[in-house]
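Structure record follows, encoded as structure tokens.
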Amino acid sequence: MPAANLAQRQQNLARLCDAHSAHCVCGAARAHASSTMAQKLPLSHAAPEGAMGKILGSGALLSQMAVNPRPDSAEATLGTADDVFFYLGAFGYPYTDCGFLFLPALEEGHQRDGVSTPFDSGALVSKVSNVNPPASYAQDIPGRVGFVRDHELPVSGYRELLSRVITDYSRACGIYLESPDEFKCECGFVRGHPFGLVGGDRRAATFEVRLPRSVPLSPPHLHAVFVRTGFEPRELAPLRRAGVRIETFQPEPGADSSGALRAACINFIQEHLLS
């Protein structure tokens, strides 16, 4: 089943917005705050520290097909292996030590070929994931791929749906940024996944954006690069001179590096992009 075309993505967005439900009536101030946050959230891409030199040397984020084609991967199953993947908001991929943060304006050149889903698409077909579509979909691979296709959204139109999710499934905007899978109404009522997914972690509740083939590592779209303190490769120097912020973080002894990376990114977003 091929990826949804632009018209289908627009239809998906309209359908999902129409089907969206709220538990409590939302006030104007909360709706405005959610909309503002949805429009300002950056695109993030994390990677293992060992891959940083190669990424910087290429001058771009490259698709799996360009770097390491894997016919058995989730991306190959979904036909997305020639895309570059981002999460909306903070870094969220496990076992990563560095990351690249892009401003929302990156999407402006991809209104026709950019695709979003309101969850990590690969989790639906991954052999090791514990994410399942709702019972209305078959649980086999064709059914899972079909669920992804039915939830592919246009860039940047998906931010309208994101705004509604923040409003009605998070007790506060800040909580959404830190814990997008804490589905609670402002009143505290616990809700299910807004799109019916079962299982998984916060990646199953984090909006994904994918852009075709390659994304240059350059300003004005690349805003910041995050690396561990003491592990700043010299290839970062041209980016620093070009005005890209180089942010360092240091995990506590024995702590998870990807968790510290995510925490540093959340703090940066709150202080520099949402204030």
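Readers should treat all values here as calculations from the given coordinates under stated rules, not as data from a laboratory. What you see is a predicted model, and the numbers here were worked out from it, not measured in a lab. When we count neighbours, we look across all protein chains shown, and the Cβ atoms used for this are built from the backbone with ideal geometry, even at glycine.
Note on the chain: GNM, Cα springs under 10 Å; of S179, S34, S121, the largest mean-square fluctuation is that of S179. Using only alpha carbons, region 154-195 has a radius of gyration to Kirkwood radius ratio (Rg to Rh) of 0.98. About its Cα centre, region 71-145 has a charge dipole of approximately 260 debye under the convention of +1 per Lys or Arg Cβ and -1 per Asp or Glu Cβ, with nothing else charged. The spacing between region 1-37 and region 221-275, judged by their C-alpha centroids, is 31 Å. Which FRET efficiency, nearest 0.05, do Q10 and R213 yield, Cβ-Cβ r, R0 30 Å? Efficiency, rounded to the nearest 0.05: 0.85. On full extension, the segment bounded by H272 and F189 gains 26.8 nm, given 0.36 nm per residue less the C-alpha separation. Note on region 186-275: dipole from Cβ charges, positive end direction compared against T248, A224, A237; the farthest Cα belongs to A237. Per-residue extension of 0.36 nm, minus the Cα-Cα distance of D201 and R171, leaves a gain of 9.0 nm for this segment.
Can you bin region 1-86 into rounded, prolate or oblate? Criterion: square roots of the alpha carbon gyration tensor eigenvalues sorted a ≥ b ≥ c, rounded for a/c under 1.5, prolate for a/b above b/c, oblate for the rest. Oblate shape, in that a/c is at least 1.5 and b/c is the bigger or equal ratio. For K184, the aspartates and glutamates whose Cα comes closer than 15 Å to its Cα, not counting residues fewer than 8 places off in the same chain, are D168. With a Förster radius of 30 Å applied to the C-beta separation of Q39 and D72, the computed FRET efficiency comes to 0.20. Classify region 91-140 as rounded, prolate or oblate, taking a ≥ b ≥ c as the square roots of the eigenvalues of its Cα gyration tensor: rounded when a/c is under 1.5, otherwise prolate if a/b is larger than b/c and oblate if not. Here region 91-140 falls in the oblate category. Relative contact order of the chain, taken over Cα pairs closer than 8 Å and 6 or more residues apart, is 29 percent.
For the pair K127 and D256, the difference between a 0.36 nm per residue extended length and the Cα-Cα distance amounts to 44.1 nm.
Around the Cα centre of region 118-207, unit charges on the Cβ atoms of Lys, Arg, Asp and Glu (plus for the first two, minus for the last two) sum to a dipole of about 60 debye. By the Kirkwood approach, averaging reciprocal distances over each pair of separate Cα atoms, region 130-275 gets a hydrodynamic radius of 18.1 Å.
With both labels modelled 7 Å from their Cα along Cα-to-Cβ, the R112 to A263 distance reads 4.6 nm. Checking the a/c ratio against 1.5 first, then a/b against b/c, what shape does the Cα gyration tensor give for region 91-176? Rounded.
Here the Gaussian network model covers the chain, with springs between Cα atoms less than 10 Å apart; of H151, H20, H45, H20 fluctuates the most. Treating cross-link reach as a plain straight distance, find the lysines whose alpha-carbon is under 20 Å from the alpha-carbon of K127, omitting any fewer than eight places away in the same chain. Straight-line reach from K127, under 20 Å: no lysines qualify. Normalised by residue number, the volume inside the convex hull of the Cα atoms of the chain is 131 Å³ per residue.
I'd like the FRET efficiency for Y95 and H32, computed as 1/(1 + (r/R0)^6) with the beta carbon distance as r and R0 of 35 Å, rounded to 0.05. Once the sixth-power term is evaluated, E becomes 0.40. Between R171, R159, R210, the residue with the greatest mean-square fluctuation in the GNM of the chain (Cα pairs under 10 Å linked by springs) is R171.
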